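**Q** Mind looking over this structure? Questions follow.
Values quoted throughout were computed directly from the atomic coordinates according to the rules given, and no laboratory measurement underlies them. In this text the structure is predicted, and so the values were computed from the model without any measurement. Reconstructed Cβ throughout: ideal geometry from the backbone, glycine too, with neighbour counts over all protein chains shown.
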Protein chains: 4
Amino acid sequence: MVNKLLSQLASVEILTPKIDDTLWFFKDILGLHEVGRKDRSVYLRGWEDWYAYSLKVTESDTAGVKEIVWRTYSEKDLIDSINIVNSNGLGLGWDEGEPDMGVGKGYKFILPSGQIGKLVWEMKIWRASGELRSGYKARPMKKPTKGVQAKDLSHIFIFAYNDESLAKTVELLKRLTFKVNEILKEGDKRIAYWMAVNGTAHDLAVSLDPSGVPARLNHVTFNVDYADDILKAADFYTDYGLEIVGGPLRHGITDSHSLYVKEPGGNVIELLHGGYLNVVPDWEPIVWDTKEDENRWLYYWGHVKEAFWHGSPIPANRVSDELKEIVRQKLGAKI
Amino acid sequence: MVNKLLSQLASVEILTPKIDDTLWFFKDILGLHEVGRKDRSVYLRGWEDWYAYSLKVTESDTAGVKEIVWRTYSEKDLIDSINIVNSNGLGLGWDEGEPDMGVGKGYKFILPSGQIGKLVWEMKIWRASGELRSGYKARPMKKPTKGVQAKDLSHIFIFAYNDESLAKTVELLKRLTFKVNEILKEGDKRIAYWMAVNGTAHDLAVSLDPSGVPARLNHVTFNVDYADDILKAADFYTDYGLEIVGGPLRHGITDSHSLYVKEPGGNVIELLHGGYLNVVPDWEPIVWDTKEDENRWLYYWGHVKEAFWHGSPIPANRVSDELKEIVRQKLGAKI
Amino acid sequence: MVNKLLSQLASVEILTPKIDDTLWFFKDILGLHEVGRKDRSVYLRGWEDWYAYSLKVTESDTAGVKEIVWRTYSEKDLIDSINIVNSNGLGLGWDEGEPDMGVGKGYKFILPSGQIGKLVWEMKIWRASGELRSGYKARPMKKPTKGVQAKDLSHIFIFAYNDESLAKTVELLKRLTFKVNEILKEGDKRIAYWMAVNGTAHDLAVSLDPSGVPARLNHVTFNVDYADDILKAADFYTDYGLEIVGGPLRHGITDSHSLYVKEPGGNVIELLHGGYLNVVPDWEPIVWDTKEDENRWLYYWGHVKEAFWHGSPIPANRVSDELKEIVRQKLGAKI
Amino acid sequence: MVNKLLSQLASVEILTPKIDDTLWFFKDILGLHEVGRKDRSVYLRGWEDWYAYSLKVTESDTAGVKEIVWRTYSEKDLIDSINIVNSNGLGLGWDEGEPDMGVGKGYKFILPSGQIGKLVWEMKIWRASGELRSGYKARPMKKPTKGVQAKDLSHIFIFAYNDESLAKTVELLKRLTFKVNEILKEGDKRIAYWMAVNGTAHDLAVSLDPSGVPARLNHVTFNVDYADDILKAADFYTDYGLEIVGGPLRHGITDSHSLYVKEPGGNVIELLHGGYLNVVPDWEPIVWDTKEDENRWLYYWGHVKEAFWHGSPIPANRVSDELKEIVRQKLGAKI
C-alpha cells in the first residue's frame, strides 16, 4: 500500500520588493486570478488550482520564498508528519492559517535547506461563484481572459546551501514520503534531486548551491494548458520587457517543456508543459551526470543563460534577521 | 495515509478481426512501437509507457476487449486485492503472464460488468536498447518518427450491461481503491463513473448500457504530447479513410481534449490531451445530469456522432462462448 | 506580369445592436485593440494589421455588414478600379475616409450582392507609439495580453441573394482581379466562390442564399497565431456564454482550421489558422460538389450546426431604408 | 498595378556527400515525399508544394546549393526576366528541365553572389494519384505519416561573398521584382536583406559573408503546419543525433518561429511557422542594426549557436571547378 503522508504542494509564498510590477506580471501576463488581499500580501490562483490560492505574494525589501505549504492526506497524516519534523528538531509551531480562505491551522517547520515549510490538513476545495463560475463542473473557475492563463502551481525548486544541508533536506523529504524520480550528480557528488508526492515528475526539487546562504529560492513553476502557451509567453516576456533566463526548452530531467523568466520583483518563475506522470511503485531514480551528460539534463534542446544555474543563481535574496535566528537555532548554521 | 492497492493501468488486450489493418492504424497512424509477437497477438507500446507494452492486439473474429491488467503497489497489495475479488466470488485464478517481456504472473478475475481483469505485481520497467534508446534518460525510448506519436496508455472505458452490473462494478472498483472523480446521472439514476488510481482525472471509466450483453468495450485511450496532435490525428483519420466518431472536442467531464476514431477492426480508440491532475484527499465526486447539462458533460465544445454514445454503442462485440460460461457462473447472468 | 488592381482587404465595418457586449467580445475575448471612437463607431485592430484599423464596429438596430474597404495597388489602380465599377453602373461616389487614422478618400460602390464596397489608395502604415510599441520592428504593435490575440483580418464572406446576383458579383470581382481558388456547386449550379487578391486561399468569399434579401453577411474572419488559439477560443466561447456555431474544424475548401461563433450582437465571427498560400499563376479553380463531397467542403473534420449554412443563414439582418433605395436604383432589385 | 515577373520559388537543388543519411533526414524526420530518382539525384516534396518537387537532393563530394528555380508569372514574364539577367551579362543559357515531372525548359543564370538560378514558365500543377490522393481537393497529396510533415518549401537564404557581390545581387533581385521587407545593417553598412515575390515576409534572403568564396548557402527552409511541430522536430533532432544550430526561437526579422538543424550531409535546414503576410504596396523596408538591436533581429527569443551566423557560417561548401570557371567569366571574380 502506497505510503503518502502529503497529498500535494498547496501554495507558495514569495516576496517581492516591487509589489505592483510583480502583480502586473502574475495577473496580466501569467493570467493568475486575485482572490484577496491582506496587509502587504495578495493571494493569487491559477484557474485549475483546487484550493483558494496557490501563490501568496508579499511585499518585502527583497525577493525570495517565505513559506511552502503542503497538504497532508488526512488529519492522522498531519500528526505523523509533525512527529517527523519534530523528531529532527525542525518544528516551529502552529499558525492559524487563512481561515477566511478555507485554509486551516498549519504546523510550521524549517527545512534543513533553510526555507520555511508548513503542514496543513484543513483545506477547503475552492469554487468560484458568480460570473467566474465555470460550466466545466470540476473546473474551479473560468479561464481568465488575460495573459497565458497559467493553469495551476506545478512545483517549487529550492537551493540547499551546503552538502550537509542538501543531504539532510533530501533525507527529511523522503521521510515525508516524497518519491525521488531523478538525481543529478557532479562526479561522485549528488547535487540535485527531483521528487514528487503527487505522481508527476516533480512537485519539488532541491539543488546544491554552496553559497552558505540558507533559504534561497531557485524558482517557482506554473503549468500551462497548451505547449503553444510557452511560445506565447516568450513573446509576451520579451516584448513587454521581461528577461527570459531560459527556454523555450525541453528539460532532459523530467522531460517537460519549460520557459524561465525573472519577474519584475526578481524571482525566477517557470512555465511548464508536459512531463511524465510516474506512479511506478519500485522506481529507481534516474541519475544524470554533469560531465557525461553536459547540460542535456537541464536543456535537452533549447538554451538557458549561463548565469541562471549553479554558480550565480538568481535571485540572490537576502535573509531576514528573523529567519537567520531560526536557522542558527534550528540548523546550527553560522550565518 | 492514502490507501492505494493498485498503482496503475498497465495494459489492455483488445481483439480485432482485421489484424493487419488494425496494426497499420496503431503503428503508422498512432505511432505505437511493436515490441513483440506471439501466436495471434502483437504487443505495442507508446514511447512513454513504463512497462514493455500497454496494448496487446489479438486476432479474433470480433472486436472487443479481452483483458485489462493493473499493477499493484506491492506484493502485499496484490494479495489484498486478490482477497477482495475472491471475497466477491469473482476470482478466476492465476496465469503466468509474459515473463519474456518482464510481466510476471497475474491473478485473473471477472468484473461485474463482464470484462476480464488481471492483477499483477511483478512487472519490470522497460527501456529500449540500441538505436531506439533515448538520451532523455527517464524516457523509455525515442519517440517513433511515425504518425502522431501516441505517448502512453491513458485509460479504458467499459460498459456495464444493467443497473446491478454497474452498481457492483463501481462497488468493487472502490474497494480496489479507485477514486471516483466525476459521475453522470440520468434523472435519479447514476449511469457513468470516471475514476482513477493514478491521480489523473480518470484511468478507468464505466457507463451503463442496458444491452444485457456483458463485457463490452466503450473505448481505449492514449495520451498525446501536444494538443496539436489531436488536430493532426483528425487530419490523418479523415484523409486515410478512418471514421471519426467524436471530436476534436473538450470533455466537460475530465476537462480534457479528445478525438474518437473507429479503428479498422471496429474498436473505438480515443486520443487525449490535458485534463486535470487530482490528488485532493477529500474530493467529493462532481455530479453531472444528462438533462440539466445536456451533452456538455461529453463535449463542452466540439461534437460527437449521435450513434457513438448510449443507445447504439460501438463496437457491438459478440461475446465468446468461453466468456459466456464465466459470466454465467461468476455473475449469475443469463446470456 | 500579374495583374492586380487591389492589394488587400483593409477593413470591414459591421453593425451591432449591442455595442457594449460586442466590444467586450472583440476586445476581451478576441483581444483586438481599440484605436479610436467616433460617433457611434469604435475602431479596432489585430496586432498584425498593417493599417490603423481592420474592424469598425457601429451601433445600429441590427447586425450586419455596412462597408467593405479594399486598398488598391497604386493611385492609377484606384482610377482603373473605379472605372470598372462605374462601367457596371455600381458607383456611389467618394467619401472622405478617416484622415485622422491615416485612411484617405475612397470611392464607394455597391456590389451586385448588395453590400457596400469602397476602394481606397491613400492609406498609411500604422505603428504603435509608447508602451504598445513592439520591439519586433515590423510588428505594428505588441500583442495585447487579452483573450486569444487575434492577429489580423483574414477575410469577409458575403451572401448573394439570387442566381443573377451571385453571377454578377463574381464577374465584377474577377474584373477587380480577384483570383478564384475554389468553387462549390450544387448539381449543375455554382453556389459559392472562394477568392483572393493577396495570395492566400481566400480573402473574400461569396455564396448564394436565395433569400431575395440583399447585402447580407455570412461572416467576418480573423487569423490567430497558433492552432491552439482555436482550442483556447472554443473554451472561452463556451464558458463565457457565447454560442459556437461551427468548429473546431478543418475546412475542405481552403484547408484551414476554423471556429465560428455568434458574437453578442448577432454577427458570425470566424477564427482561422493555416490554409494554403497560392500564387500559382495558371491555377484552375478546384470544384467541389455538395452531393459528391457532402459536407466535407465545409468541414473535412469537426462539425457545424445545421442552421449555420445555407437555408437559415445567420445573422438575418434587416436592410436599412437607405440601402434599399440604393439597391433598387443600382441593382434594379425589387425589395 | 503590381509588377511581378516571378510568381514563386519553385524548387532548390542541394548537394550532399551523404545521400542516404540526408534522405533519411528529409523523408523520415521532415516527412518529405519522394517523387522520383534520376542518376545521382532524388526529388522530394512537401505535401502542400504545388509542383512535382520542391527539393532536389544530389549526391556530391560536398554540401551546398546547386540551383535555385523560380517560376515566372507568364511566358512573357519569362522573356522579360531573361532580358534582365542577360543585360547584366549573367545569362548561362537554356536547359531542358524535367519534362517527365512537369517542369519545362528553363533559362539558367548566375547570381552576383555566385549561386546558379533558373527561370521557368512551363510548370504543371502536381496532384497525387492512387492511395496518396487527398480528399482535400486542393491539397496536392495526403500528409505523409512520417516525421513532422514539412508542408512546403518556404525560402532559401544565400550568402554574398563581398560587398559588391551583395549590392549587385540585391539590385538584380529588385529588378526581378522581389519586394524587400527587412534589412539588417552593421553600422553604416547593409549586410542582409529579406525579400519576397509571393507576399510572405520572405521567400528569399541574402546576407554578406566576406569570405570571398562565391555561391555559398546559408540555409533552406520548409514550413510546418503547427507551431508544435517546431517543438516536435527539436525532439526528433536531438534524440536522433542531429545537431540543432538554432532555436526553437522567434525571429525578430520576419516575426516567424524557427528551428535550424544541420542535416547529415552538412546543409543547414530550417523549419518555419508563422511570420507575416505583407502585400502592402508602398512598404518601406524595416531596418535593423546589429549594434542597436543586438541579436534580436535573429532571435527575439530563443537562441542560436555562435558559430551559426556571420563569421563561421555553415556549411563551408567547396566550390566546384565548373562553377569557379563560371564565376570567373561572368562575375569577374578571382577564385
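**Q** Could you compute the FRET efficiency for B:Lys291 and B:Lys76, with r as their C-beta to C-beta distance and R0 at 45 Å, rounded to 0.05?
**A** For R0 = 45 Å, the calculated efficiency reads 0.50.
**Q** A further question on this structure: Could you state the orientation-averaged shadow area of the convex hull built on the Cα atoms of the stretch B:66-195, in nm² to one decimal?
**A** If I average the Cα hull's projected area over directions, I get 10.5 nm².
**Q** Report the one residue of B:Ser211, B:Leu249, B:Asn86 whose Cα lies farthest in the direction of the positive end of the charge dipole of chain B (charges on C-beta: Lys and Arg +1, Asp and Glu -1; origin at the Cα centre).
**A** Most positive-ward Cα: B:Asn86.
**Q** Between the stretch B:273-306 and the stretch A:92-157, what is the separation of their alpha carbon centroids in Å?
**A** About 23 Å separates the Cα centre of the stretch B:273-306 from the one of the stretch A:92-157.
**Q** Largest first and in whole Å, give the semi-axes of the stretch B:97-167's equivalent ellipsoid, each being the square root of 5 times a Cα gyration tensor eigenvalue.
**A** Sorted largest first and rounded, they come to 33, 18, 8 Å.
**Q** Counting partner chain Cβ atoms within 10 Å of every residue's Cβ in C:247-254, what's the average?
**A** 5
**Q** To make sure I understand, if each residue's beta carbon is the centre and we count other beta carbons within 10 Å, what order do C:Trp70, A:Trp24 fall in, fewest to most?
**A** Listing C:Trp70, A:Trp24 from fewest to most nearby Cβ atoms yields A:Trp24, C:Trp70.
**Q** Here's something else I'd like to know. Which of the peptides D:81-90, A:203-212, A:269-278 is most tightly packed, and how do the rest follow, going by the mean number of other Cβ atoms within 10 Å of each residue?
**A** Ranking, from highest mean packing down: A:269-278, A:203-212, D:81-90.
**Q** Could you state the per residue volume, in Å³, of the convex hull enclosing the Cα atoms of chain A?
**A** Details: hull volume 44.1 nm³, N = 335.
Output value, Cα hull per residue: 132 Å³.
**Q** If you wrap a convex hull around the alpha carbons of the protein assembly as shown, what volume per residue comes out, as a whole number of Å³?
**A** Convex hull volume per residue, Cα atoms: 176 Å³.
**Q** Which of B:Trp94, C:Trp50 comes first, and how do the rest follow, when ranked by fewest Cβ neighbours within 10 Å?
**A** B:Trp94, C:Trp50
**Q** For the protein assembly as shown, what is the mean residue ellipticity at 222 nm derived from helices alone (per DSSP H run of n ≥ 4: -39500 (n - 2.57); sum divided by total residues; nearest 500 deg cm²/dmol)?
**A** Working: 20 runs with 204 residues, N = 1340.
-4500 deg cm²/dmol, from helical runs alone.
**Q** Efficiency by 1/(1 + (r/R0)^6): what FRET value for D:Lys174 and C:Asp61, r their Cβ-Cβ distance, R0 = 45 Å, to the nearest 0.05?
**A** Efficiency computed from Cβ-Cβ geometry: 0.30.
**Q** Let me ask something else about it. Please report the net charge: other residues with Cβ closer than 10 Å to the Cβ of D:Gly97, K and R +1, D and E -1.
**A** Local net charge: -3.
**Q** If you don't mind, there's one more thing I want to ask. Along Cα-to-Cβ, 7 Å out, sits the label point; list in nm, shortest first, how far the one on C:Glu243 is from those in the other copies.
**A** Nearest to farthest, the other copies are at 3.1, 5.2, 6.0 nm.
**Q** Suppose we consider the axis relating copy D to copy A; can you name the residue of D with the nearest Cβ and state that distance in angstrom as an integer?
**A** D:His303, 2
**Q** I need to check one value: relative contact order of the stretch C:108-235, counting alpha carbon pairs closer than 8 Å and at least 6 residues apart, in percent.
**A** Computed over the stretch C:108-235, the figure is 31 percent.
**Q** If you take the C-alpha gyration tensor of the stretch C:265-304, multiply each eigenvalue by 5 and take the square root, what semi-axes do you get, largest first, in whole Å?
**A** They are 23, 18, 10 Å, listed largest first.
**Q** Provide the FRET efficiency to the nearest 0.05 for the B:Asp95-D:Asp21 pair, computing r from the beta carbons and using R0 = 60 Å.
**A** 0.85
**Q** Could you work out the Kirkwood radius for the stretch A:30-129, taking every pair of different alpha carbons, averaging 1/r and inverting it, reported in Å?
**A** Across the stretch A:30-129, the inverse of the average 1/r is 14.5 Å.
**Q** Taking the Cα-to-Cβ direction at B:Glu325 and at C:Ser320 and moving 7 Å from each Cα, how far apart do the two end points lie in nm?
**A** Computed distance between label sites B:Glu325 and C:Ser320 equals 8.2 nm.
**Q** About its Cα centre, how strong a charge dipole does the protein assembly as shown have in debye, to the nearest 20, once Lys and Arg get +1 and Asp and Glu get -1 at the Cβ?
**A** 0
**Q** OK, next. Quick one: net charge around B:Tyr107, please, counting Lys, Arg +1 and Asp, Glu -1 for every other residue with C-beta under 10 Å from its C-beta. Could you put the intermediate results ahead of the total?
**A** Details: positive: B:Lys105, B:Lys108, B:Lys118; negative: B:Asp95.
Here the charged neighbours net out to +2.
**Q** Here is a follow-up. Kirkwood Rh, Cα Rg: Rg to Rh for the stretch A:134-218? Walk me through the numbers before you get to the answer.
**A** Values: Rg = 16.6 Å, Rh = 14.7 Å.
Reported Rg/Rh, Kirkwood definition of Rh: 1.13.
**Q** Considering only DSSP beta bridges where both residues belong to the protein assembly as shown, give the percentage that are antiparallel (nearest 5).
**A** Looking only at bridges with both residues in the protein assembly as shown, the antiparallel portion is about 75 percent.
**Q** Taking the Cα centre of the stretch A:6-321 as origin and charging only Cβ (+1 Lys, Arg; -1 Asp, Glu), how large is the dipole, in debye to the nearest 20? Don't skip to the end; give the middle numbers.
**A** Values: 37 positive and 46 negative charges, 149 e Å.
Here the stretch A:6-321 has a charge dipole of around 720 debye.
**Q** Next question. Label position 7 Å from Cα toward Cβ: report the copy-to-copy distances for C:Asp39 in nm, one decimal, ordered from shortest.
**A** Output for C:Asp39: 5.8, 6.9, 8.2 nm, nearest copy listed first.
**Q** Kindly give the distances from A:Gly102 to its copy-mates, label point to label point, with each label point 7 Å from Cα along Cα→Cβ, as nm values to one decimal ordered shortest first.
**A** Copy-to-copy label distances at A:Gly102, shortest first: 4.1, 4.8, 6.0 nm.
**Q** Work out the mean other chain Cβ neighbour count within 10 Å for the residues of D:143-154 and drop it here as an integer.
**A** Shielding by partners across D:143-154 averages 3.
**Q** For the stretch A:151-300, evaluate the Debye formula with one uniform point scatterer on each Cα (no solvent term) and list log10 I(q)/I(0) at q = 0.17 Å⁻¹, rounded to two decimals.
**A** -1.01
**Q** Write down the percent of antiparallel bridges among all DSSP beta bridges whose residues are both part of the stretch D:6-321, to the nearest 5.
**A** 75
**Q** Quick one: dipole size for the stretch A:204-262, taken about the Cα centre, charges +1 on Lys/Arg Cβ and -1 on Asp/Glu Cβ, in debye to the nearest 20.
**A** 260
**Q** Another question, then. Relative contact order of the stretch A:6-321, please, whole-number percent, based on alpha carbon pairs below 8 angstrom and at least 6 residues apart.
**A** 18
**Q** If you don't mind, there's one more thing I want to ask. If you take the charge dipole of the stretch A:171-246 about its Cα centre, with +1 on Lys and Arg Cβ and -1 on Asp and Glu Cβ, which of A:Leu173, A:Ile183, A:His202 is farthest toward its positive end?
**A** Of the options given, the answer is A:Leu173.
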